[in-house]
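Asks: Sharing a structure below in structure tokens format, with a few things to ask.
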Amino acid sequence: MLTRCRAVRSTGQLLLVLLALMPATGLATVFQGQPGNYLSLLAQLQPGDTLQLASGSYGGGLPLRGLSGSPGAPIRIEGPADGSAIFPARACCNTIELGDSAWLEIRRLTLDGMGMAGPFGVNSSAPSHDITLDSLWIHDFDGDQQTVGISTKASAWNWTVRHCRIERAGTGMYFGDSNGSAPFVAGLIEHNVVVDTIGYNLQIKHQNPRPTGIGLPGGPSHTIIRHNVFSKGANSSAGGLARPNVLVGHLPLSGPGQDDHYEIYGNFFFHNATEALFQGEGNLAIYANLFVNDAGSAVNIQAHNDRPRQVEIFQNTVVAAGSGIRVSGGDPAFRQRLRANAVFAATPLAGGEQAGNVTGGEASAANFLTAPFDPPGSLDLYPLAGQLAGAPPDLSGLSGYRDWDRDFNGLARDVAIRGAYGGSGNNPGWLPVLDFKPDAGAPPLPVVSLSASPGSVTAGGSVQLSWQATGASSCTASGGWAGPRPASGSESSAPLSADTQFTLSCSNAGGQASDSVLVTVSAGPAPSVSLSASDQRVDAGARTTLSWSSLNASTCVASGGWSGPRPLAGSELSPPLNADTGFTLSCTGSGGTAGQTVTVRVNRAEAATVPGGDSGGGGATGPAALWLLGWLAWRRAPAGKPP
């Protein structure tokens, strides 16, 4: 009996242990957040929990210092799919503040920098790891060049930044600290769009010997930068503040991390009028990228805080007005190799070990590529049929890099073809545009075209919207119209009273594309009102006829002696009048409001009284009073004279 009791007790203890070891996700809670309660909910989040934020403006930012999930049970904070949970910048603080944070996933939020200088979109000021930022729209953090969309100012590892759009920022992403003391390790930066930054689209700082005892990965690791779109525009800094689109610094020169690598592939780099598209040093593998710069150079591998070490640049396509790929200042203890690239630039290649490349001047790109000088959207660097082919190049030593045998489209490649693509003829994939690159193997994004006719109207007018979406499975309207729409069509807008933007977003398995049109609305001519009364003086109890008309008006409202809406023109009898009365008519149109008032006066009978006496009848002069007045006049007249 005693043995049996012990067995039962042991089983109970085992159950308690098993319950304690169950994944936290089994007890996860989903919280529903609103602008008024979300800050209090943050304090309640436990590993595995999700905080779902409703549409709205969240003025308190996201203070997440000290918040952590656990392995396999991250804490998730997410907004609606349309990004309508909006966090405006605050002068006091960074919008999302991390530090001593781990296993967090932050998704589908909009961070609006409001053009302020100083506050960052996302910042980590203390060590953080296993952080995922997914589908964030970060915009207008551009008060100055040092204002950053996403930043880490302390050691960070196992970060993922995915499907984020960063536009109009001082610097798009800045990982590490300027003195090299905050390593960014084993990161994944993929499928982002970073455009129109003043300084870098992306910079990863150089790394000093790594700190110990904080959990940084010990063995060799790779930071991956893939399938992104990087572009700079007219707001780029110049002179001493000019920056490349992307810069990566060296890794630790000794100790943990000295054998780490950057793998940079499948990206579209576009335009920089003041610097090169890419600059790097240290250990680099750069492959299957498109580099297009009609205003300058493409790739500079050069000393910055140290020197280029092991560098592999292979199977890229470059079209540039300046230099194509330039390698200088490399550490002679390592190899810097340029293989199987297609480079068309004023100076196609310089430095490094060169083998199996196809090169030419910038203009000669038209002899090899489909549409190398078109703008994004129709730009096509796919080889013309039969071009860029040759004997298979030596690609030894490359198989350790991820997707090394895939082309820019993510497809298995014919290694005999130079450049970023593995085929020739018709491009089976995505045409580069300043928007999200679809996942590898996904169909091209829809091509959306939306127009409005006319493009400008006076207030109260409408426009005809016409659209066509090729390759779309669904389309949704927003802005000045809303709801699902077919892949093509035409319809009239509602009357417009102010400048209005119409947007059509269409999607397929490859992702989403959109087009917008802005219709400007101008004020119409000023309205005018004419109001008159058939009689402007009447006896008590009488009526008058009011007549009116208006021009350039859409509504009219009566007030004073009459009230309520009235047609734009008409006539009507007033009510009986017993006192002077003003009648006002106000009419409103797109050009403003006009009004007119007419006053009708009422006659009153003259009152007469007997001098020194009381008529007793309110002063009315009746027959008896007239007889008395005549008699008094006769009595007072001199004898023989009529009164």
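What follows is calculated from the coordinates using simple rules that are stated; it is not laboratory data. Values in this document were obtained by computation on a predicted structure and should not be read as measured data. Neighbour counts run over all protein chains shown; Cβ positions are idealised from the backbone, glycine included.
Asks: Whole angstrom only: what separates the Cα centroid of region 466-504 from the Cα centroid of region 166-214?
Replies: So the separation of the two Cα centres works out to 38 Å.
Asks: Tell me the net charge near Cys506. Cut-off is 9 Å between Cβ atoms, Cys506 excluded, with +1 for each Lys or Arg and -1 for each Asp or Glu.
Replies: Summing Lys and Arg as +1 and Asp and Glu as -1 gives 0.
Asks: Using θ = phi - 60° and the Karplus curve 6.51 cos²θ - 1.76 cosθ + 1.60, what whole-Hz ³J(HN,Hα) does each residue of region 92-102 get, with Gly and Pro shown as x?
Replies: Coupling constants for region 92-102: 7, 8, 5, 5, 10, 10, 10, x, 6, 10, 7 Hz.
Asks: How far is the Cα center of region 275-319 from the Cα center of region 218-259, in Å?
Replies: That distance is 10 Å.
Asks: Turning to a different aspect of this structure: Find the percent of Cα-Cα distances in region 114-168 that exceed 13 Å, and round it to a whole number. Kindly include the intermediate steps, with their values, before the conclusion.
Replies: Numbers: 878 of 1485 pairs.
Looking at region 114-168, the distances longer than 13 Å represent 59 percent of pairs.
Asks: Read phi for every residue in region 486-499 and hand back ³J(HN,Hα) as whole Hz from Karplus 6.51 cos²θ - 1.76 cosθ + 1.60, θ = phi - 60°, with x for Gly and Pro.
Replies: Per residue, the Karplus-derived 3J(HN,Hα) values read x, 5, 8, x, 8, 7, 8, 6, 5, x, 10, 10, 8, 3 Hz.
Asks: Please report, in Å, the Rg and the Dmax of region 447-522, where both are computed over Cα atoms only.
Replies: Rg, Dmax (Cα atoms, Å): 12.4, 41.
Asks: Given the Cα atoms of region 528-603, and with Rh set as the inverse mean 1/r over their pairs in the Kirkwood sense, what is Rg to Rh to two decimals?
Replies: Details: Rg = 12.4 Å, Rh = 12.4 Å.
Looking at region 528-603, the ratio lands at 1.00.
Asks: Amide H to amide H, which residues 5 or more places from Arg307 or on other chains are under 5 Å from it, using H placed in the peptide plane?
Replies: The list, which skips near neighbours in sequence, is Gly282.
Asks: Give the whole-number value, in cubic angstrom per residue, of the convex hull volume spanned by the C-alpha atoms of region 521-563. Walk me through the intermediate numbers first.
Replies: On the way: hull volume 3.6 nm³, N = 43.
In region 521-563, the Cα hull volume divided by residue count equals 85 Å³.
Asks: While we're on this one: Of all beta bridges DSSP finds with both residues in the chain, what is the antiparallel percent, to the nearest 5?
Replies: On the way: 64 of 187 bridges.
The antiparallel proportion sits near 35 percent.
Asks: Let me ask you something else. Please arrange Met173, Met114 by counting, for each residue, the other beta carbons lying within 10 Å of its beta carbon, fewest first.
Replies: Details: Met173 31, Met114 16.
Going from least to most buried by this count: Met114, Met173.
Asks: Starting from 0.36 nm per residue, how many nanometres of slack lie between Ala526 and Asp259 once their C-alpha separation is accounted for?
Replies: Working: separation 267, 0.36 × 267 = 96.12 nm, distance 7.43 nm.
Length gained, Ala526 through Asp259: 88.7 nm.
Asks: Please turn the phi angles of region 244-260 into ³J(HN,Hα) values with the Karplus equation 6.51 cos²θ - 1.76 cosθ + 1.60 (θ = phi - 60°), one per residue in order, whole Hz, x for glycine and proline.
Replies: For region 244-260, the Karplus curve yields x, 4, 9, 9, 10, x, 6, 8, x, 7, 7, x, x, x, 5, 9, 5 Hz.
Asks: Moving on to the next point. When a footprinting reagent is the concern and you count Cβ atoms within 10 Å, what order do Leu53, Leu411 take, fewest first? Walk me through the intermediate numbers first.
Replies: On the way: Leu53 25, Leu411 15.
Fewest to most other Cβ atoms nearby, the residues stand as Leu411, Leu53.
Asks: For the chain, find the longest principal axis of its Cα atoms and tell me its angle to the long axis of helix 2-21, 0 to 90°, nearest 10.
Replies: Approximately 70 degrees, to the nearest 10.
Asks: Using alpha carbon centroids, what distance separates region 107-141 and region 40-81, in Å?
Replies: 14
Asks: Quote the FRET efficiency, to the nearest 0.05, computed for Ser492 versus Ile214 with a Förster distance R0 of 60 Å and r equal to the Cβ-Cβ distance.
Replies: Values: r = 62 Å, r/R0 = 1.04.
In this case the efficiency is close to 0.45.
Asks: Once fully extended, how much extra length lies between Asp394 and Leu27, figured as 0.36 nm per residue of separation less the alpha-carbon to alpha-carbon distance? Present the calculation step by step, with values, prior to reporting the outcome.
Replies: On the way: separation 367, 0.36 × 367 = 132.12 nm, distance 5.46 nm.
So the extension gain works out to 126.7 nm.
Asks: Testing the spin-label approximation: label points 7 Å from Cα along Cα→Cβ at Ala385 and Ser70. State their distance in nm.
Replies: Taking the simple label geometry, Ala385 and Ser70 are separated by 6.2 nm.
Asks: Projecting each Cα onto the charge dipole of the chain (Lys/Arg +1, Asp/Glu -1 at the beta carbon, about the Cα centre), which of Leu98, Val292, Thr50 comes out farthest on the positive side?
Replies: So the residue furthest toward the plus end is Thr50.
Asks: Taking the Cα centre of region 477-544 as origin, work out the dipole magnitude from +1 charges on Lys and Arg Cβ and -1 charges on Asp and Glu Cβ, in debye rounded to 20.
Replies: Details: 3 positive and 5 negative charges, 20 e Å.
It comes to approximately 100 debye.
Asks: Report Rg(Cα)/(2.2 N^0.38 Å) for the chain, keeping two decimals.
Replies: Details: Rg = 39.5 Å, N = 643, 2.2 N^0.38 = 25.7 Å.
So the Cα radius of gyration is 1.54 times the expected 2.2 N^0.38 Å.
Asks: Answer with one residue from Leu585, Ser492, His163: the one whose Cα lies farthest towards the positive end of the charge dipole of the chain, charges on Cβ with Lys, Arg +1 and Asp, Glu -1.
Replies: Leu585
Asks: Would you calculate, for the chain, the mean residue ellipticity at 222 nm contributed by helices, counting each DSSP H stretch of 4 or more residues as -39,500 (n - 2.57) and dividing by all residues, to the nearest 500?
Replies: On the way: 3 runs with 39 residues, N = 643.
Roughly -2000 deg cm²/dmol at 222 nm, from the helical runs in the chain.
Asks: Calculate the FRET efficiency for Cys93 and Thr274 from the Cβ-Cβ distance with a Förster distance of 22 Å, rounded to the nearest 0.05. Please list the in-between numbers first.
Replies: Numbers: r = 32 Å, r/R0 = 1.45.
It comes to 0.10.
Asks: Related question: Which value in Å does the Kirkwood hydrodynamic radius of region 238-285 take, with 1/r averaged over all unlike C-alpha pairs and then inverted?
Replies: On the way: mean 1/r = 0.0811 Å⁻¹.
Over region 238-285, the inverse of the mean reciprocal pair distance is 12.3 Å.
Asks: Given +1 on the Cβ of Lys and Arg, -1 on the Cβ of Asp and Glu, and no further charges, what dipole in debye does the chain carry about its Cα centre, rounded to the nearest 20? Intermediate values should be presented prior to the final figure.
Replies: Values: 37 positive and 45 negative charges, 324 e Å.
Dipole about the Cα centre, nearest 20: 1560 debye.
Asks: Among Glu353, Glu105, rank each residue by its count of other Cβ atoms within 10 Å, from fewest to most, as a rough exposure measure.
Replies: Details: Glu353 12, Glu105 17.
The order, fewest Cβ neighbours first, is Glu353, Glu105.
Asks: Shifting gears a bit: How large is the charge dipole for region 237-391, taken about the Cα centre, if only the Cβ atoms of Lys, Arg (+1) and Asp, Glu (-1) carry charge, to the nearest 20 debye?
Replies: Details: 7 positive and 13 negative charges, 45 e Å.
Charge dipole, region 237-391, about its Cα centre: 220 debye, nearest 20.
Asks: When you count, for each residue, the other Cβ atoms within 10 Å and take the mean per peptide, how do 379-392, 223-236, 311-324 rank with the highest first?
Replies: On the way: 379-392: 16.8, 223-236: 21.4, 311-324: 25.9.
Packing proxy ranking, top to bottom: 311-324, 223-236, 379-392.
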